[in-house]
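Here's the structure we're looking at; comments come further down.
The values are calculated or read from the model by the stated rules, or taken from the named source; none is laboratory data. In this text, all values refer to a predicted model and were calculated from it rather than measured experimentally. When we count neighbours, we look across all protein chains shown, and the Cβ atoms used for this are built from the backbone with ideal geometry, even at glycine.
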């Protein structure tokens, strides 16, 4: 009979998980790793000009959030979903993305690399990640084993 109790407990946990019930407290203070926005189009697009026009409001939305939070990232990522639901992402890193025009330039360069697209595009997204550390005390340089051995580079 102990085996039955054990299986019953496990199955009740599975049922609760499957229903999306989670009583653990939400931790809202975790570090944000990226800021992004995306849009699914009512009709699939294949024209660079039309795709660029659809991308611009997303760039502005992401940059407004960056401005509001003071976040400055190093990497812009373009997310593309094709008409057959294939999903790809293309990224480019620079020293710092410090303005809406920087983000726009990177996003449009990434988009240009995909044009003409092999298939029509149904979704575009843009995100910024690789945020600079605001507080220098938060950044820690870990020693290398070579440093401890006295090896010079």
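Residues that are loosely packed, with under 13 Cβ neighbours inside 10 Å and at pLDDT 95 or above: does the stretch 69-76 have at least one? Break it down stepwise before answering.
Step one: list which residues in the stretch 69-76 are loosely packed, with under 13 Cβ neighbours inside 10 Å, which gives 69-70.
From the residues that got through so far, the ones that are at pLDDT 95 or above too are none.
Checked against the condition, which is being loosely packed, with under 13 Cβ neighbours inside 10 Å and at pLDDT 95 or above, the stretch 69-76 yields no hits at all.
Here is a check on your reading of the model: is residue 88 assigned to a strand (DSSP E or B) and either modelled with pLDDT under 95 or surrounded by 13 or more Cβ atoms within 10 Å (Cβ to Cβ) (or both)? It would help to see each step written out before you state the result.
Numbers: assigned to a strand (DSSP E or B): yes; either modelled with pLDDT under 95 or surrounded by 13 or more Cβ atoms within 10 Å (Cβ to Cβ) (or both): no.
In short, no.
Among the listed residues 96, 21, which satisfies the condition of being closer than 15 Å to residue 129 by Cα, out of contact with any strand residue (DSSP E or B) (no Cβ under 8 Å at 6 or more places or on another chain) and either assigned to a loop (DSSP other than H, G, I, E, B) or modelled with pLDDT under 95 (or both)? Step through it out loud before you land on a result.
Working: 21 fails: closer than 15 Å to residue 129 by Cα.
That would be 96, the only listed residue that is closer than 15 Å to residue 129 by Cα, out of contact with any strand residue (DSSP E or B) (no Cβ under 8 Å at 6 or more places or on another chain) and either assigned to a loop (DSSP other than H, G, I, E, B) or modelled with pLDDT under 95 (or both).
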